[in-house]
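See structure below.
The values are calculated or read from the model by the stated rules, or taken from the named source; none is laboratory data. A quick note: this is a predicted structure, and the numbers were derived from the prediction, not measured. Backbone-built Cβ (ideal geometry, glycine too); neighbour counts: all protein chains shown.
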């Protein structure tokens, strides 16, 4: 029997990698504006671009597909469960990617607004 912690580890691996990616993006934006986050005219343009990208993504078919998979993971998890730990870890990774697909645009907006 495979322990469910392996599934959770795969899921959390995706979110940990995403958090490092968003942190690197925030650090890169901060360094490119030399710390002048609210005075630089480029921050307004970058924020508008981020909002536009997130807005368009909210109405995309990809967002809807990710939302369906993330909201109801049991069909996928129970339908593809295995006794191999590597398979369960990959299943956790896949579920994490589906859920990240739902939320990345919102997180990017929060990053832009918070900056």
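Going through the stretch 24-57 one residue at a time, which ones are surrounded by 12 or more Cβ atoms within 10 Å (Cβ to Cβ) and modelled with pLDDT of 90 or more?
Scanning the stretch 24-57 gives 53, 54, 57.
Across the stretch 1-23, which residue is nearest to residue 91 (Cα to Cα) among those that are surrounded by 13 or more Cβ atoms within 10 Å (Cβ to Cβ) and more than 17 Å from the chain's Cα centre (by Cα)?
7
Regarding the stretch 89-110, can at least one residue be identified that is over 19 Å from residue 15 (Cα atoms), touching a helix residue (DSSP H, G or I) at 6+ places or on another chain (Cβ under 7 Å) and surrounded by 12 or more Cβ atoms within 10 Å (Cβ to Cβ)? Quick ask: steps written out before the conclusion?
Restricting attention to the stretch 89-110, the residues satisfying the condition of being over 19 Å from residue 15 (Cα atoms) are none.
No, every residue in the stretch 89-110 fails to be over 19 Å from residue 15 (Cα atoms), touching a helix residue (DSSP H, G or I) at 6+ places or on another chain (Cβ under 7 Å) and surrounded by 12 or more Cβ atoms within 10 Å (Cβ to Cβ).
So how many residues does the stretch 63-74 have that are without any contact (Cβ under 8 Å) to a residue 40 or more places away in the chain and touching a helix residue (DSSP H, G or I) at 6+ places or on another chain (Cβ under 9 Å)?
In the first step, residues of the stretch 63-74 are kept if they are without any contact (Cβ under 8 Å) to a residue 40 or more places away in the chain; the result is 64-74.
Imposing the further condition that a residue be touching a helix residue (DSSP H, G or I) at 6+ places or on another chain (Cβ under 9 Å) reduces the set to 65-71, 73.
Qualifying residue count, the stretch 63-74: 8.
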